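Here the structure comes first, spelled out in structure tokens, and everything after it is commentary.
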Amino acid sequence: MPLVLSYSGCSTCKKALAWLKSKNVAVTVRPIVDEPPTKAELAKWLPASGLPVKKWLNTSGLSYRALGKAKVDAATDATLAQWLSADGKLVKRPVLVDGATVLVGFREAEWAAHFGR
């Protein structure tokens, strides 16, 4: 069953979960703030997503702003991954993990293509 890392206060997450429900796609939902991706999960999910680690950052969130763009720009990918595993609010969401596929953020066309709907 696909896993969705989601934040209950996130309108994009709500939209994604409603879309999944409308397509009758059953998923396991994990609260990303309470259970952010672990270092081991990120080690698998980052390459599977096909995205650079900086594309995993929720750049509109308070956690990102607290770090500051200069600090983020100066950080290594390993440091960024460490920060992502420590702070679920720093992660762009929702994150969909379905087998070898990892989708970050909700883009309906991308999710529809994945689920063939």
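Scanning for something under 18 Å from S6 (Cβ atoms), in contact with a strand residue (DSSP E or B) (Cβ under 6 Å, 6 or more places away or on another chain) and loosely packed, with under 12 Cβ neighbours inside 10 Å, does the stretch 53-73 turn up at least one residue? Checking the stretch 53-73: not a single residue is under 18 Å from S6 (Cβ atoms), in contact with a strand residue (DSSP E or B) (Cβ under 6 Å, 6 or more places away or on another chain) and loosely packed, with under 12 Cβ neighbours inside 10 Å. Scanning the stretch 75-111 for residues that are in a helix (DSSP H, G or I), without any contact (Cβ under 8 Å) to a residue 24 or more places away in the chain and either of a type in the set (S, T, Y) or farther than 17 Å from L42 by Cβ (or both) returns T79, A109, E110. Within the stretch 61-83, is there a residue that is among the polar types (S, T, N, Q), within 14 Å of the chain's Cα centre (by Cα) and at negative phi? No, the stretch 61-83 contains no residue that is among the polar types (S, T, N, Q), within 14 Å of the chain's Cα centre (by Cα) and at negative phi.
I need a count of the residues in the stretch 10-19 that are in contact (Cβ under 8 Å) with a residue 40 or more places away in the chain and part of a helix (DSSP H, G or I). Residues that pass the stated criteria total 6.
Every residue, every condition in (1) under 13 Å from V97 (Cβ atoms); (2) polar (S, T, N, Q); (3) in contact with a Ser or Thr (Cβ under 9 Å, 6 or more places away or on another chain), yes or no:
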{"site": "N24", "(1), (2), (3)": "no, yes, no"}
{"site": "A48", "(1), (2), (3)": "yes, no, yes"}
{"site": "K69", "(1), (2), (3)": "no, no, yes"}
{"site": "A74", "(1), (2), (3)": "no, no, no"}
{"site": "T79", "(1), (2), (3)": "no, yes, no"}
{"site": "L84", "(1), (2), (3)": "no, no, no"}
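Per the listing K71, K54, K44, the residue uniquely closer than 18 Å to R107 by Cβ and outside any loop (DSSP other than H, G, I, E, B) is K54.
You will find that of V25, V4, V29, the residue that is at pLDDT 95 or above, assigned to a strand (DSSP E or B), β-branched (V, I, T) and surrounded by 18 or more Cβ atoms within 10 Å (Cβ to Cβ) is V4 and no other.
The values are calculated or read from the model by the stated rules, or taken from the named source; none is laboratory data. For clarity, every value in this text was computed on a predicted model and none was experimentally measured. Heads up, the Cβs are rebuilt from the backbone with ideal geometry, glycines too, and the neighbour counts pull from every protein chain shown.
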